[in-house]
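The values are calculated or read from the model by the stated rules, or taken from the named source; none is laboratory data. Remember, it's a predicted structure, so these values are computed and weren't measured experimentally. Here the Cβ positions follow ideal geometry from the backbone for every residue, glycine too, while neighbour counts run over all protein chains shown.
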Amino acid sequence: MGGKLSLPLFESSTHQVVMLGLDNAGKSTIIYRLKLNQFVQPTPTIGFNCEKFRLTSGLARGQGFSLWDVGGQEKLRPLWRSYIRHTDAVLFVVDSTDVERFEEVLVEVQNLLRLPELPKNVPILLLANKQDLPLAKTKDEIEQSLCIDFDSHLTMVLGCCAVTGEGLDDIFSILYSLILDSRRGLKKR
C-alpha cells in the first residue's frame, strides 16, 4: 500500500570526518589524494572544503566518507568548533618536517580536546604527514615531542604521505574500525 521513502545507500552510510591541523600540514593534499587518487597541487583553504568519496581499497573498501577539510590559518581556528559538533571522527594533520611548530600543534590539540562541542567518544587520529621527506620526524618521534597523553578521544599517531598516498588506506581502515567502536560504545549507554 505505500512505498517507503529511502535515501540512497551512499548518503545513509557516509561517515562524517573533520580534518584539522595547522596551515600547510597537507590536509587538502590528503583530501584530493583520497578523492581523485592522484596528487593535486593545492592552494591554501580559506574556510572549508568538503568532498565525498568511497574508499576503493583497504579494509574500509566500499565505505563512504564526507571529509571536511577546514582551514588551518590561525584566524580560522576558532571556526573549528563549528565543524566538530556532529562528526564521527577527527583527523588532525601534522607536518612532520615542521619541528618549529610542534609546540603550536600541541596547543591546538589541547584546545580541541577542551571544546565542549567535541562529541564524547569521537576518535581523533594525529596524522604525521610528509613522511617521504628527509627531515620528517617519525610518528614515534612526534608522539614523544608532543608528549601526547592518549585519552578517550586521542587514539594514536599514524604516519602518512599525502603526495604518494602511502599510509592512507591503513589510516582509513583504522579510522573506520574506531568509528564503529565509538558507535557501539554510545549504543551501550
Exercise for review: Answer yes or no as to whether Val93 is crowded, with 16+ Cβ neighbours inside 10 Å, in contact with a Cys (Cβ under 9 Å, 6 or more places away or on another chain) and within 24 Å of Val163 (Cβ to Cβ).
Suggested key: yes
Study note, to complete from the structure: Within segment 123-142, residues surrounded by fewer than 20 Cβ atoms within 10 Å (Cβ to Cβ) and either within 24 Å of Glu74 (Cβ to Cβ) or polar (S, T, N, Q) (or both) come out as Leu133, Leu135, Thr138
Check your understanding: Does Gln41 qualify as being within 19 Å of Glu166 (Cβ to Cβ), surrounded by fewer than 19 Cβ atoms within 10 Å (Cβ to Cβ) and not aliphatic (A, V, I, L, M)?
Key -> yes
**Study point:** Matching option when the condition is without any contact (Cβ under 8 Å) to a residue 12 or more places away in the chain and either surrounded by 16 or more Cβ atoms within 10 Å (Cβ to Cβ) or not polar (S, T, N, Q) (or both), among Gly62, Gly21, Gly58
**Key:** Gly62
Exercise for review: Would you mind listing the strands (runs of 3 or more DSSP E) fully within segment 43-147 where at least 2 residues are of a type in the set (Phe, Trp, Tyr)?
Suggested key: 48-54, 64-70
Check your understanding: Looking only at residues in segment 98-122 that are under 17 Å from the mean Cα position of the chain (by Cα) and closer than 10 Å to Leu146 by Cα, which one is modelled with the highest pLDDT?
Key -> Val105
Exercise for review: Would you check which residues across segment 14-42 are more than 26 Å from Leu115 (Cα to Cα), among the hydrophobic types (A, V, I, L, M, F, W, C) and part of a loop (DSSP other than H, G, I, E, B) and list them?
Suggested key: Phe39, Val40
Exercise for review: Please indicate, with yes or no, whether at least one residue in segment 46-55 is surrounded by 15 or more Cβ atoms within 10 Å (Cβ to Cβ) and at positive phi.
Suggested key: no
